[in-house]
1. If I go through segment 71-82 residue by residue, how many of them are without any contact (Cβ under 8 Å) to a residue 12 or more places away in the chain and either loosely packed, with under 13 Cβ neighbours inside 10 Å or part of a loop (DSSP other than H, G, I, E, B) (or both)?
2. When Thr131 is evaluated against the numbered criteria (1) without any contact (Cβ under 8 Å) to a residue 40 or more places away in the chain; (2) assigned to a strand (DSSP E or B); (3) of a type in the set (Ser, Thr, Tyr), which criterion, by number, is the only one it fails?
3. For segment 17-60, give me each residue that is modelled with pLDDT of 85 or more, in a loop (DSSP other than H, G, I, E, B), touching a strand residue (DSSP E or B) at 6+ places or on another chain (Cβ under 8 Å) and not acidic (Asp, Glu).
4. Which one of Val44, Val68 is among the β-branched types (Val, Ile, Thr) and loosely packed, with under 12 Cβ neighbours inside 10 Å?
5. Can you find even one residue in segment 87-95 that is of a type outside the set (D, E, K, R), touching an Asp or Glu at 6+ places or on another chain (Cβ under 9 Å) and in contact (Cβ under 8 Å) with a residue 24 or more places away in the chain?
6. Checking the condition open to solvent by 80 Å² or more (accessible area, probe 1.4 Å) and in a strand (DSSP E or B), which residue from Arg98, Arg85 passes?
7. Can you name the residue in segment 103-128 that is without any contact (Cβ under 8 Å) to a residue 24 or more places away in the chain and in a loop (DSSP other than H, G, I, E, B) and is also farthest from the chain's Cα centre (by Cα) among such residues?
8. Pick out the one residue from Leu110, Leu136, Leu103 that is out of contact with any helix residue (DSSP H, G or I) (no Cβ under 7 Å at 6 or more places or on another chain), modelled with pLDDT of 95 or more and not basic (Lys, Arg).
Amino acid sequence: MSEGSELIYVKTNIAGYFFDAFLDMEHTSEMKITSHPVQQGANVADHAYLEPKTLTMHIKMSDAVESVIPSQFTRAYTKSVSAYRVLLELQASRIPFRVHTRLQAYDNMLIKSIVAPDDVNTIYGMECTVTMQELLVTQVQTVKISKRTQTTGSTDNGVIAMQPADQSILSQLFG
């Protein structure tokens with residue numbers, strides 16, 4: 001394996017697609033801190049969890065230069081149109097993919113939005129903003145719980161006995 005081909009595998013890419021330029025990237029990681037009002041109007045925070053990560057990339061493609069990987073963007077009449085269609089197909093497939101950046105590699109990403117202006121400046125290329133969001137995947141596990149006898153004393157097995165209504169309260173309410 002040559003030096004150049006080794007670099008290809010660590011370069012910034014979306015689902016293995018190497019675009020001509022990534023102008024800027026915005027990595028977002030947010031923590032949700034829950035809060036609940038209690039007596040006296042103060043909020044109490046008792047829990048926190050991570051929101052799905054989001055990544056926004058500003059991408060450029062040029063029809064004037066060869067693709068980093070030959071035949072990667074050949075589905076349409078120009079490389080830029082093909083690249084746009086690849087992004088649309090990734091979004092429509094709803095299959096999570098991996099994104100590599102300089103700062104971090106992201107697994108289980110889906111394309112949330114693609115914004116691609118088409119004007120005189122993009123006649124021989126494509127410029128777009130792709131926003132991706134992490135799909136949080138959980139694993140379900142079945143746990144066997146032992147059947148133990150109760151050691152805290154006697155119980156009435158959850159039966160609630162009916163109590164007769166207090167007639168004095170009822171006469172005050174309904175007169």
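1. Step one: list which residues in segment 71-82 are without any contact (Cβ under 8 Å) to a residue 12 or more places away in the chain, which gives 71, 74-77, 82.
Remaining after also requiring either loosely packed, with under 13 Cβ neighbours inside 10 Å or part of a loop (DSSP other than H, G, I, E, B) (or both): 71, 74-77.
Residues in segment 71-82 being without any contact (Cβ under 8 Å) to a residue 12 or more places away in the chain and either loosely packed, with under 13 Cβ neighbours inside 10 Å or part of a loop (DSSP other than H, G, I, E, B) (or both): 5 in total.
2. (1)
3. If we filter segment 17-60 for residues that are modelled with pLDDT of 85 or more, which is where we start, we get 17-34, 47-60.
After this cut, where a residue has to be in a loop (DSSP other than H, G, I, E, B) as well, the list is 18-20, 29-30, 34, 47, 51-53.
Still in the running and touching a strand residue (DSSP E or B) at 6+ places or on another chain (Cβ under 8 Å): 19-20, 29-30, 34, 47, 51-53.
Result: Phe19, Ser29, Thr34, His47, Pro52, Lys53.
4. Numbers: Val68 fails: loosely packed, with under 12 Cβ neighbours inside 10 Å.
Being among the β-branched types (Val, Ile, Thr) and loosely packed, with under 12 Cβ neighbours inside 10 Å holds for just one of Val44, Val68, which is Val44.
5. Of the residues in segment 87-95, the ones of a type outside the set (D, E, K, R) are 87-88, 90-93, 95.
Subset that is touching an Asp or Glu at 6+ places or on another chain (Cβ under 9 Å): none.
Scanning segment 87-95, I find no residue that is of a type outside the set (D, E, K, R), touching an Asp or Glu at 6+ places or on another chain (Cβ under 9 Å) and in contact (Cβ under 8 Å) with a residue 24 or more places away in the chain, so the answer is no.
6. Working: Arg85 fails: in a strand (DSSP E or B).
Sole residue among the options that is open to solvent by 80 Å² or more (accessible area, probe 1.4 Å) and in a strand (DSSP E or B): Arg98.
7. Within segment 103-128, the match that is farthest from the chain's Cα centre (by Cα) is Ile123.
8. Numbers: Leu136 fails: modelled with pLDDT of 95 or more; Leu103 fails: modelled with pLDDT of 95 or more.
Checking each option against the conditions leaves just Leu110.
The values are calculated or read from the model by the stated rules, or taken from the named source; none is laboratory data. It should be emphasised that the depicted structure is a prediction, and the values quoted were computed from it without experimental measurement. Don't worry about glycine lacking a Cβ; one is built from the backbone with ideal geometry, like all the others, and counts go over all protein chains shown. Keep in mind that these areas ignore ligands, DNA and RNA; they rest on the heavy atoms of the full protein, side chains included. Shrake-Rupley method; radii C 1.70, N 1.55, O 1.52, S 1.80 Å.
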